[in-house]
Amino acid sequence: MNEFEFDTLAVRAGTDRSQFNEHSEALYLTSSFVFENAAQAAARFSGAEEGNVYARFTNPTVTAMQTRLAALEGAEACIATASGMSAILSTVMALMKAGDHVVASRGLFGSTQQLFSNVMSKFGIETTFVPATDLAAYRSAVRPETRLFFVETPSNPLTELVDIAAVAEIAHEAGALLAVDNCFCTPALQRPLEFGADLVIHSATKYLDGQGRVLGGAVAGPKSLTEEIFRFLRTAGPSISPFNAWIILKGLETLRVRMEAQSSAALQLGSWLEQQARVSRVFYPGLPSHPQYELALRQQRSGAAIVSFEVDGGRAEAWKVVDNCKVMSITANLGDTKTTITHPASTTHGRISAEARAEAGIKEGLLRIAVGLESVEDLKADLARGLALI
Ligand SMILES: *Cc1c(COP(=O)(O)O)cnc(C)c1O
């Protein structure tokens, strides 16, 4: 199937029709499978014969989603998981052991950061966090026991980019793997494996579903690695529900169209924000004002759909903008067709100390918008209402 272009793969890869020849992909809501006879049961259990046994291991709907996402990422294989966090957990549990060391970019998704610093540390896996854009810092964080580099690009909420090709080279020189959380761009806008990453991780909860319905996650990469992750998953159990896999499978069909429309709207909104008197700074990789605009052009097909900006003043002024929105949803979630607005300093980054926030560059006047599919004019009007009151 992979001789086809992205758009064809998005709607057709992984389709495996049943005896009924259904056109859309069937949803197999079954936890277990029946065998023809005792010999087949034995062969399936021993692995001598391929086939479904139990849905914690495999399910045809889940397999279809995995096949389609692997095709879109240009990966040999993909393993779906119950959530983005369980994709990260499964990767670490499968590929690392006590005594191993991780180098991770600073400013990771909150739970990812917690997982590395508070959970994995209990099992003897240490993590060094380095500034996302500082290649020398990645290099000097390497230890003899470094096994994994973990990065997210663009970062949340300041849209800092990690140079995937450069970090892949550093990781490989150190004999380590590079995993990239590709949640913000999705394979429609960025394919980390083409830049040398070994694994791509997804919170499918975000843009892959794209409509805020289900939780899901995935890891894509070479079979040699995904098979180890699969062995952990089938034993430990953070498997995805077939229903969620089906929603995500169908979400992938519109992924590129949505990502293009949402990033084009984000670019329009970002350019407009740059012209607003009360806006002091806009963070968007698709704008020439972004310090890594050149890298964005090289690594991403567009600036993606997250725009952050600072308003003059602090928390009171930022909250004024939030509270005057009639269209945008006030929620920290992202990756939906409905635009969301959040004040990071009092929500997603509210529990870290003021000093840590300042060090991370999260100011009190900062707002983050995850642009959806509404009319850009309505979104501008939404923000203009609050900005006029500052
Ligand atoms: C949401 C998110 C996750 C975690 O995914 P869940 O599906 O919520 O478990 C991981 N990384 C990034 C960048 C995210 O935005």
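The values are calculated or read from the model by the stated rules, or taken from the named source; none is laboratory data. Model, not experiment: these values are computed from the prediction. Reconstructed Cβ throughout: ideal geometry from the backbone, glycine too, with neighbour counts over all protein chains shown.
In the range 325-359, what residues are among the aliphatic types (A, V, I, L, M), more than 25 Å from VAL257 (Cα to Cα) and touching a residue at least 60 places away in the same chain (Cβ under 8 Å)? Listed by number, the list is empty, since nothing qualifies.
Picking from residues in the range 161-184 that are more than 14 Å from the chain's Cα centre (by Cα) and in a strand (DSSP E or B), the one that is nearest to the ligand (Cβ to nearest atom) is LEU178.
Pairing each residue of the range 194-216 that is of a type in the set (Asp, Glu) with any residue that is within 9 Å of the ligand (Cβ to nearest atom) and part of a loop (DSSP other than H, G, I, E, B), provided the two are 6+ apart or on different chains, yields C-beta distances under 8 Å for ASP209/GLY216; ASP209/GLY335.
Has the range 320-332 got at least one residue that is under 20 Å from the mean Cα position of the chain (by Cα), in a loop (DSSP other than H, G, I, E, B) and not assigned by TED's automatic domain parsing to the domain that holds GLN190? Walk me through how you get there before you give the answer.
Step one: filter the range 320-332 for residues under 20 Å from the mean Cα position of the chain (by Cα), giving 331-332.
Applying the additional criterion that residues be in a loop (DSSP other than H, G, I, E, B) yields 331-332.
Next cut, not assigned by TED's automatic domain parsing to the domain that holds GLN190 only: 331-332.
Within the range 320-332, one or more residues are under 20 Å from the mean Cα position of the chain (by Cα), in a loop (DSSP other than H, G, I, E, B) and not assigned by TED's automatic domain parsing to the domain that holds GLN190.
Taking the condition at negative phi and in contact with a helix residue (DSSP H, G or I) (Cβ under 9 Å, 6 or more places away or on another chain), does ALA38 pass? It is false that ALA38 is at negative phi and in contact with a helix residue (DSSP H, G or I) (Cβ under 9 Å, 6 or more places away or on another chain). With respect to (1) within 21 Å of PRO192 (Cβ to Cβ); (2) away from the ligand (no atom under 12 Å from the Cβ); (3) part of a helix (DSSP H, G or I), the lone exception for GLY210 is condition (3). The condition of being surrounded by fewer than 18 Cβ atoms within 10 Å (Cβ to Cβ), in contact with a strand residue (DSSP E or B) (Cβ under 6 Å, 6 or more places away or on another chain) and in the same structural domain as THR15 (by TED's automatic domain parsing) does not hold for GLU76. Restricting attention to the range 86-102, the residues being surrounded by 20 or more Cβ atoms within 10 Å (Cβ to Cβ) and touching a residue at least 60 places away in the same chain (Cβ under 8 Å) number 8. Filtered by the rule that a residue be crowded, with 17+ Cβ neighbours inside 10 Å and of a type in the set (Lys, Arg), the range 345-361 gives a lone residue, ARG357. Looking across GLU364, GLU374, GLU294, GLU317, one residue alone is free of Cβ contacts under 8 Å to residues at least 40 places away in the same chain and either surrounded by fewer than 22 Cβ atoms within 10 Å (Cβ to Cβ) or among the aromatic types (Phe, Trp, Tyr) (or both). It is GLU294.
Name the residue, out of ALA171, ALA166, that is out of contact with any helix residue (DSSP H, G or I) (no Cβ under 6 Å at 6 or more places or on another chain), in the same structural domain as ALA70 (by TED's automatic domain parsing) and aliphatic (A, V, I, L, M). Talk me through it step by step, then tell me what you get.
Working: ALA166 fails: out of contact with any helix residue (DSSP H, G or I) (no Cβ under 6 Å at 6 or more places or on another chain).
None of the other options fit; the residue is ALA171.
A count restricted to the range 191-207 and to residues that are part of a helix (DSSP H, G or I) and either closer than 19 Å to ALA305 by Cβ or not aromatic (Phe, Trp, Tyr) (or both) stands at 3.
Within 16 Å of the ligand (Cβ to nearest atom) and of a type outside the set (Lys, Arg), is that true of ALA71?
In short, no.
Among the residues of this structure, LEU158 counts as one that is surrounded by fewer than 21 Cβ atoms within 10 Å (Cβ to Cβ) and within 16 Å of the ligand (Cβ to nearest atom).
Which one of these is outside any loop (DSSP other than H, G, I, E, B) and assigned by TED's automatic domain parsing to the domain that holds ALA75: LEU225, LEU215? Criteria check complete, one pass: LEU225.
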